[in-house]
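I have placed the structure first, in the form of C-alpha cells, so that the comments after it can refer back to it.
The values are calculated or read from the model by the stated rules, or taken from the named source; none is laboratory data. Everything numeric in this text was worked out from a predicted model, so none of it was measured. Reconstructed Cβ throughout: ideal geometry from the backbone, glycine too, with neighbour counts over all protein chains shown.
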Amino acid sequence: MTLRNQPCQGSQRVWATLASLVFLSLFAWGCYRSYPAQRVAESIQEICRKEYGIENIQVKIVGTTVGVFLPVKKLFARDFKEALLQGEGKLNDVESLFQPSPEALDQVEDVLFSISRVLLSTDLKIEFYTLQATDIETTGLQLVLTGYVDDIKRVRLWDISREEYRKRVFHELRLNRAVISHRSVRSLFEVLEKGETLKNLQDFFKDPITPEFFVSTFFTDPELVGKGPARWHLGELRSASLGKDQMVVYAPVRLEYEMQSVVPGAFLVPPGTDLEFFFVISFEGDPAKILRVIPLSYLDERGTLQRIPIPDELNLDQDLESWETEFPVFHIDLGVFLAEQLTRRTQALLMADERIQNTFESAQLNFLYHREAQKSFFSLELDLRAKSAGLLVPSLSLVHEDVLYLLNRTSREFVDVLRSYKFSDYGFLELRLASDPSAQMLAREDLELFRRNKTTLQGLLSGVAPL
C-alpha cells in the first residue's frame, strides 16, 4: 500500500502549528505506568475520556500501526459555506479558511499526548501511529498526522533535532468522502431512535415518504413508536461511488427494544434483529439527501425475516472490503514510509534551491519502495522540464551539469535519510526519467561509497570505477 492520498491545498501555518503540537506533546509526557499490550487501544481511549473529556475517539491496531480517529464538530475556525456565500472565495488570504479552530487544536494536542504516553510505555510492538482529526458535521475534511514511534523516542533523547523530527511527521489535509456520505444515514437513525414523527424523518429524504414505506423498509411504524423505546445500533458503514453526484452506503444495523415498553405493531421484527440496508445518497443539494433505500431482508407470509436474493452482478456487498470507510487503517511498511518521506523532503529541497528554480520550469519527482521476494529496491522517477530548450536530458548517462546538480542533491538526501534510519532492506535505487523508458540502477554498495565521498554520482552514472 501507499501512504499517499490527494491532500487538499491548505495553509502552511496549519502545518507549522501542528508540528509544534506534535513536538510539545512529546515533552509533556513524564513517568507513567506501563500499559499492557492487550489494552493499548483501550488505554488511549481511557486517557482521552478521563483526563480530557474526549469521549468518542476510535482506535484500531493493524499490524504494527495504531490508528486513532478523532471526530470534531468544527475543524476550522471559519465557516467554509458562509465565506463562499459572502463572496470570500476570492480572498487574498485564502489560507485563513484552513486555520484550525482552537477547540480542534486543543483536542488534537490532547489525543497526541495520550498516544505518546501509551506507545512509549507498552511492550506491544507498534512502529507507526496515525491520527485522523475529522470534521464530521460540515466539510468532511480531516487533518491526518502520521509518525514513526522510534522518531518519538529519538527526539526525546535529542538523538535527532526538533527540525529533523518535524520533517519526519507527515501532515495532510484530506477530504473524507465516507464521512459526508454516511452523515445522512447516521442522522436518520439518530432521529428514528428518538421516536420522531414521519414529518421529522422526511427531512433526510429527497422524495416524499409514507408510513407504508417505513413499515416495509425498516419494519417499523414511526407513528406508533414512542419517545426513545428502541436502539438502532449501527455497525461500520461503508460507501462506494455511483457517479459524480451519488454514493451508495452499506449499513448493518441491530434493532434493540423492550417488548413491554412499545405499542403493539410498532415493530414487525423481534428485538435483537440484525438488518442490512443499501442507501443511495444524492449530493445534488446541500445537505445530501437519501434518494433510495434498499433493504436486504423481507418478511415472508409467515412473518419470518428472509434475506433478499440478489443477482451476482448486483451483489455489491460481496466486495465490501474494497469500499470506503470513515476510519481506514492500514499497516505501514517502513520502506513505504521512507519513500513517501523522501518524496516530500526532496521536493521541498528542490523548491527552496535557487539554482534549480532558475533552471527548471518544473522538477517533479517520486520515490517508491518495492518489496520483492528476491530483493527489495527503491525507484525514483524524475519529470524535468527545463526553462531552456537546449537543456534536454536524452539519458541519465549523458546529463547536463544542472541536471547532475539536481541529481546530486536528491541522491544525497536519499543516502543521508536511509543512513539516519539505519535502513538497509534494499538492493539498489532505480533511476528513471519520465521522458526515457530505460532505467539506471545504482547498487546500495555504490550509494554507500557516494555517501562517504569515495565516488561521484557522475562516475556511477557513467560506469566509472570508484575513487
Quiz prompt | Subset of the stretch 439-467 that is in a helix (DSSP H, G or I) and of a type in the set (A, V, I, L, M, F, W, C) - its residue that is modelled with the lowest pLDDT | solution = L461
Exercise. Take L433 and decide whether it is at pLDDT below 90 and assigned by TED's automatic domain parsing to the domain that holds E354.
Key: yes
Quiz item: For the stretch 403-458, which residues satisfy the criterion of being of a type in the set (K, R), over 30 Å from I152 (Cα atoms) and surrounded by fewer than 16 Cβ atoms within 10 Å (Cβ to Cβ)?
Solution: K454
Quiz item: Here is a list of conditions, (1) crowded, with 17+ Cβ neighbours inside 10 Å; (2) touching a strand residue (DSSP E or B) at 6+ places or on another chain (Cβ under 8 Å); (3) at pLDDT below 95, and V40 meets all of them except one; can you say which number that is?
Solution: (3)
Quiz item: Considering only the stretch 427-443, how many residues are in contact with a Lys or Arg (Cβ under 9 Å, 6 or more places away or on another chain), within 29 Å of R385 (Cβ to Cβ) and not hydrophobic (A, V, I, L, M, F, W, C)?
Solution: 2
Exercise. Confirm whether R355 is at pLDDT 95 or above, surrounded by fewer than 16 Cβ atoms within 10 Å (Cβ to Cβ), of a type in the set (K, R) and under 23 Å from T456 (Cβ atoms).
Key: no
Quiz item: Does L198 fit the bill of being without any contact (Cβ under 8 Å) to a residue 60 or more places away in the chain, surrounded by 14 or more Cβ atoms within 10 Å (Cβ to Cβ) and in contact with a Lys or Arg (Cβ under 9 Å, 6 or more places away or on another chain)?
Solution: no
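Each row is one residue, and each column tells you yes or no for (1) in contact with a strand residue (DSSP E or B) (Cβ under 9 Å, 6 or more places away or on another chain); (2) free of Cβ contacts under 8 Å to residues at least 60 places away in the same chain; (3) basic (K, R).
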residue: A133; (1), (2), (3): yes, no, no
residue: Q142; (1), (2), (3): yes, no, no
residue: W158; (1), (2), (3): no, yes, no
residue: S161; (1), (2), (3): no, yes, no
residue: F170; (1), (2), (3): yes, no, no
residue: R174; (1), (2), (3): yes, no, yes
residue: A178; (1), (2), (3): yes, no, no
residue: S181; (1), (2), (3): yes, no, no
residue: V185; (1), (2), (3): yes, no, no
Quiz prompt | Subset of the stretch 295-308 that is in a loop (DSSP other than H, G, I, E, B) and under 35 Å from the mean Cα position of the chain (by Cα) - its residue that is modelled with the highest pLDDT | solution = L296
Quiz item: In this structure, does E372 turn out to be farther than 23 Å from Y165 by Cα, surrounded by fewer than 18 Cβ atoms within 10 Å (Cβ to Cβ), within 28 Å of the chain's Cα centre (by Cα) and free of Cβ contacts under 8 Å to residues at least 40 places away in the same chain?
Solution: yes
Self-check item: Near pairs, Cβ below 8 angstrom, 6+ apart or cross-chain, from the stretch 327-340 (surrounded by fewer than 20 Cβ atoms within 10 Å (Cβ to Cβ)) to any residue that is assigned to a helix (DSSP H, G or I)
Solution: L334/Y421
Quiz item: Which condition number in (1) in a loop (DSSP other than H, G, I, E, B); (2) at pLDDT 90 or above is the one that N366 fails?
Solution: (1)
Quiz item: Within the bounds of the stretch 239-250, is there any residue that is of a type outside the set (V, I, T), within 30 Å of L112 (Cβ to Cβ) and without any contact (Cβ under 8 Å) to a residue 40 or more places away in the chain?
Solution: no
